[in-house]
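> Shown below is the structure under consideration.
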Amino acid sequence: MPSATVPTPSGNLSKTASADSRGDQSARGFGLYVHWPFCVSKCPYCDFNSHVRDTVDEDRWCAALVESVRDAASVETEAKILSSIFFGGGTPSLMAPETVASILNAAERHFGFAPDIEITLEANPNSVEAEKFQDYREAGINRLSLGVQALNDEALAFLGRAHSAKEALNAIETAQKIFARSSFDLIYARPGQTLNAWGSELGKALNLANGRHLSLYQLTIERGTRFFEAVNRGDFQVADEDLGADLYDLTQNMCAAAGLPAYEISNHAGPDDASRHNLTYWRYGEYVGVGPGAHGRRREAGEVFATAEVRSPERWLAQIEQDGNGLAEKTRVSRAAQIEEILMMGLRLSDGIRAADFVELTNMTLENAFAAETIAHLTEQNLLALDDAGMRATPSGRLVLNSLIASVAEAMTPNEAP
């Protein structure tokens, strides 16, 4: 059963890099992720690095994030020009628009922007935050992602959301008026949710999306969350595998019929409306992560390095102010680990792992990287497809994606996995 684990700027961002100045930057893109770790309250299903604080010194945080961007840009790596930026959290729409503008100015100054850079900010749909949407547009945001999660008040209360269904509808309408590109999230397979109930809610969501973008995640219970404790107490039950598969199939069919086919296992978009930043992750492009707990993948002198920032907000801030960086660890990613990551990310995509990308990333062909008998067996079971275009999970394979990825990874040829 599938689950979720994982335009030109306006305002004062006037300079962009020409296409000729992008050098060797791959079509997979080069992204910057900015993590704002603070929320008004902690949602019971959330296992992200988010924290509730009575007060936040935003001036200090703005200066620290700007310094972190500068430090990240000082590393000599293959990718140079940013094709996307994503403000996530936490709740980044709690940031002042001026803070967003300062971070974007630093990113443009130290990295440079592609002419068509995508700059996304995650936002809550409550009325207070929606009032700032125009200010975010003027600060340089050109794509908004709304954490709606449900379209009725009872479900929103269960999910611990602070907004109402009416506020969500108003925020979607406002976002679409201000931003040329926008998206919103929903969580389904909620306790007691039937196929008919989800079909009705999804139909409403598809009408609201206007052929743009929807992120649709099945509810998963993560260790360490309040929902994990509630399930262990027997307060509620999650959807079983059969119902989860039926809900997933209904989602795929309805979205495809509405012109929003899945381009990734939980993400649906119309033409040219896929999240380019997330595609950088899924296609194993390079990206920088700044902010508490943020991760990155960079290529330096032909090697791939994984980075992770200090997770605690207070410790991260103190380290930035003392040392000029928030790095907790930086490790070389082995060839075998790279291939496993390419599989984990790429097989989530409907078009899978592109053959040319795999060669460029690994200096191997897909045919040579894995045991032929295993691939043939998975193909015969109609779980996997491998051809000149690349390797991808079939619709049946996406229903058992985690086990499929594990099977392909186990088939890795040992002589090419140091």
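Read-outs throughout are calculated quantities, based only on the coordinates presented, and are distinct from any laboratory measurement. Just so we're clear, the structure is a prediction, and the values are computed from it rather than from any experiment. Cβ: placed from backbone, ideal geometry, glycine included. Neighbour counts: every protein chain shown.
> Of 132/330; 132/204; 80/177, which ones are farther than 29 Å apart at the Cα?
132/330; 80/177
> Starting from the coordinates of the alpha-carbon atoms of the stretch 28-281, obtain the Kirkwood hydrodynamic radius over all distinct pairs and give the value in Å to one decimal.
Numbers: mean 1/r = 0.0522 Å⁻¹.
Taking the inverse mean of 1/r over all distinct Cα pairs, the stretch 28-281 comes out at 19.2 Å.
> How far is it, in nm, from the label point at residue 350 to the one at residue 330 when both lie 7 Å from their Cα along the line to the Cβ?
Reported label-point gap for residue 350 and residue 330 is 3.9 nm.
> Something else about it: Mind listing the lone cysteines of the chain, meaning no other Cys beta-carbon sits under 4.7 Å from theirs?
Singleton cysteines: 39, 62, 255.
> Quick one: go through the stretch 323-343 and flag any residue whose amide nitrogen is under 14 Å from the point 7 Å out along the Cα-to-Cβ line of residue 364.
334-343
> What ranking, highest mean first, results for peptides 38-51, 132-145 when packing means the other Cβ atoms within 10 Å averaged over each residue? Spell out each step's value before the answer.
Working: 38-51: 17.3, 132-145: 22.5.
Result, highest mean first: 132-145, 38-51.
> So, one more: If we count other beta carbons within 10 Å of each Cβ, what is the order of 400, 56, 69, fewest first? Before the final figure, lay out each step's value.
Numbers: 400 18, 56 15, 69 25.
Lowest to highest Cβ neighbour count: 56, 400, 69.
> Could you work out the Kirkwood radius for the stretch 344-418, taking every pair of different alpha carbons, averaging 1/r and inverting it, reported in Å?
Values: mean 1/r = 0.0817 Å⁻¹.
Hydrodynamic radius (Kirkwood, Cα pairs) of the stretch 344-418 is 12.2 Å.
> Among DSSP beta bridges whose residues both lie in the chain, state the antiparallel percentage, nearest 5. Working shown, then result.
Details: 25 of 57 bridges.
In the chain, approximately 45 percent of DSSP beta bridges are antiparallel ones.
> Any idea what the alpha-carbon Rg over 2.2 N^0.38 Å comes to for the stretch 94-145?
It is 1.15.
> Given 0.36 nm per residue, what is the gain on full extension from residue 376 to residue 204 after removing their alpha carbon distance, in nm?
Value of the extension gain: 57.8 nm.
> To the nearest 20 debye, what is the magnitude of the charge dipole of the chain about its Cα centre, counting +1 on the Cβ of each Lys and Arg and -1 on the Cβ of each Asp and Glu?
500
> Okay, next question. Based on DSSP H runs of at least 4 residues, each adding -39500 (n - 2.57), what is the mean residue ellipticity at 222 nm of the chain after dividing by all its residues, to the nearest 500 deg cm²/dmol? Don't jump to the answer; show the numbers that get you there.
On the way: 17 runs with 167 residues, N = 418.
Computed mean residue ellipticity for the chain: -11500 deg cm²/dmol.
> Which of 211, 280, 184 sits closest to the plus end of the dipole of the stretch 28-281, meaning its Cα is farthest towards the positive end, when Lys and Arg get +1 and Asp and Glu get -1 on the C-beta?
211
> If we sort 352-358, 402-408 on the protection proxy, mean other Cβ atoms within 10 Å, highest first, what's the order?
Per-residue mean Cβ counts within 10 Å order the peptides as 352-358, 402-408.
> Find the centroid of the Cα atoms in the stretch 271-329 and in the stretch 153-178, then give the distance between the two in whole Å.
The distance from the Cα centre of the stretch 271-329 to that of the stretch 153-178 comes to 30 Å.
> Mind ranking 285-294, 377-386 by how tightly packed they are, going by the mean number of other C-beta atoms within 10 angstrom, highest first?
The packing order, highest mean first, is 285-294, 377-386.
> Continuing with this model, one more query. Using a Förster distance of 35 angstrom, determine the FRET efficiency expected from the C-beta separation of residue 223 and residue 323, and round it to 0.05. List each step's numbers first, then the result.
On the way: r = 32 Å, r/R0 = 0.92.
For residue 223 and residue 323, the calculated efficiency is 0.65.
> Here's a follow-up. Counting only other residues whose beta carbon sits under 13 Å from that of residue 315, what net charge do I get with K and R as +1, D and E as -1?
Values: positive: 311; negative: 309, 314, 321, 323.
Residues close to residue 315 contribute a combined charge of -3.
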